[in-house]
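Below is one structure, written out as structure tokens; comments come after it.
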Amino acid sequence: MDWFAVDKEGLKELQAGKPKHYILRELVQNAFDEPIKECILNVDYIDGTTTINVCDDSPIGFRDLRDSYTLFKHTYKRKDPEKRGRFNIGEKQVFSICETAKVKTTKGTVILDKDGRKELPEKTNKGTIVTIRVKTTKREYEDMVNIVRTYLVPKGIRFKVNDELINYKKPYKIIESKLMTEIEEGGILKKNVRKTKVNILESNAPYLYEMGIPVQEIDCKYSIDVQQKIPLSIDRETVSPSFLRDLYAEVLNATYGEIGSEDSSQLWVREALSDERVSKDAAQGVIKARYGENVCVANPFDRHSIDEALSKGYN
């Protein structure tokens, strides 16, 4: 007998408060993690039920059909910092709230419905097709479709959403940074520092992304897309303030030349200036943007020196 069992209804209750767009995040990122050239997503709403179909052309498909229904099973993705998956729980969280789910891949087919789980020998020649039906409101359906259109599609992948092609977006700037990541070493998932590329994108609605998949909104002038695993909780919805501060500093080092007087007092800039990674040039550039050329540091113990500096036009 296995040591543990999972209560489906209990797992479902834990997902109840989440915005429904996490469903598409989990299914699409699984496809993006594979060696694919194309991912087709169709989302349809009828009378309170949303039907979602995700199809990819991976030559491998699911490496093990049990991955579709086994929580926390070992996954090769834990050893690869450039794969998004690590917990092997996301699709199970999705399936727990579904009316029905079907996974058809190169290793066979799994069907989940009111009668339980069935495995069938039907296989695809290549790729995986995931089809689910889930209860949603019309607003939840619309939010899912709108948010998935903001995904940053990896270069070389053709991604279509309801017959609309979501194009690759060329970054405004690409930098290299040493950032915290998570990698399995000796059977243990460890935090480690690794050099990676970071894509900086101009945006009216800035987000932090993990290899194209949105994680959280950020108070920044730019969207930031880290090209490796970033330290996340199981729900994959937030990063630590210290990790975000490091990112802000790296972005400021690359963009301080575009920081104007209004930008110079924004929260993300202040956070970046407090980080040890910020460069001297970036700090001086922000100070100049905020205070001008004639600027000095006030000495609170020498009031006369402050008055003298002000009288000579210093800020």
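The values are calculated or read from the model by the stated rules, or taken from the named source; none is laboratory data. Note that the structure is predicted; figures quoted are calculated from it, not measured. Quick reminder, even Gly has a Cβ in these numbers, built from the backbone with ideal geometry, and neighbours come from all protein chains shown. What goes into the accessible areas is simple: the full protein's heavy atoms, side chains included, and nothing from ligands, DNA or RNA. Shrake-Rupley method; radii C 1.70, N 1.55, O 1.52, S 1.80 Å.
A few notes on this one:
- Gap separating the Cα centres of region 45-108 and region 215-293, nearest whole Å: 34 Å
- Cα gyration tensor shape of region 96-154, rounded if a/c is under 1.5, else prolate or oblate by comparing a/b with b/c: oblate
- Glu262/Gln15 FRET efficiency (R0 30 Å; Cβ-Cβ; nearest 0.05): 0.15
- Stretching the chain fully between Tyr314 and Thr70 yields a gain of 81.3 nm (0.36 nm per residue, less the alpha carbon separation).
- Accessible area per residue for the chain is 53 Å², calculated with a 1.4 Å probe on protein heavy atoms, without ligands, DNA or RNA.
- Mean Cα-pair separation over length for the chain, i.e. relative contact order, pairs under 8 Å, 6 or more apart, %: 13 percent
- Estimated FRET transfer efficiency (Val297, Ser240; beta-carbon r; R0 30 Å; 0.05): 0.50
- Convex hull of region 163-315 built on C-alpha atoms - directionally averaged projected area, nm²: 12.6 nm²
- Theoretical gain in end-to-end length, Asp307 to Lys114 [0.36 nm per residue, Cα-Cα removed]: 61.6 nm
- Judged by the gyration tensor of its Cα atoms, with axes a ≥ b ≥ c, region 1-159 is rounded; a/c sits under the 1.5 cut.
- Rounded, prolate or oblate (a/c below 1.5 giving rounded, otherwise prolate when a/b exceeds b/c) for the chain by Cα gyration tensor: prolate
- Accessible-area rank, largest first, for Ile287, Ile188: Ile188, Ile287, with all protein chains present and a 1.4 angstrom probe.
- Of all DSSP bridge pairs formed entirely within region 197-315, close to 75 percent run antiparallel.
- Across Lys83/Lys190; Lys92/Lys178; Lys18/Lys104, pairs whose alpha-carbon gap is larger than 24 Å: Lys92/Lys178; Lys18/Lys104
- Cβ-defined net charge surrounding Gln266, 13 Å radius [Lys, Arg +1; Asp, Glu -1]: -2
- Radius 15 Å from Cβ of Lys190, net charge of other residues (Lys, Arg +1; Asp, Glu -1): +3
- Environment charge at Lys160 (Cβ cut-off 15 Å; Lys +1, Arg +1, Asp -1, Glu -1): -3
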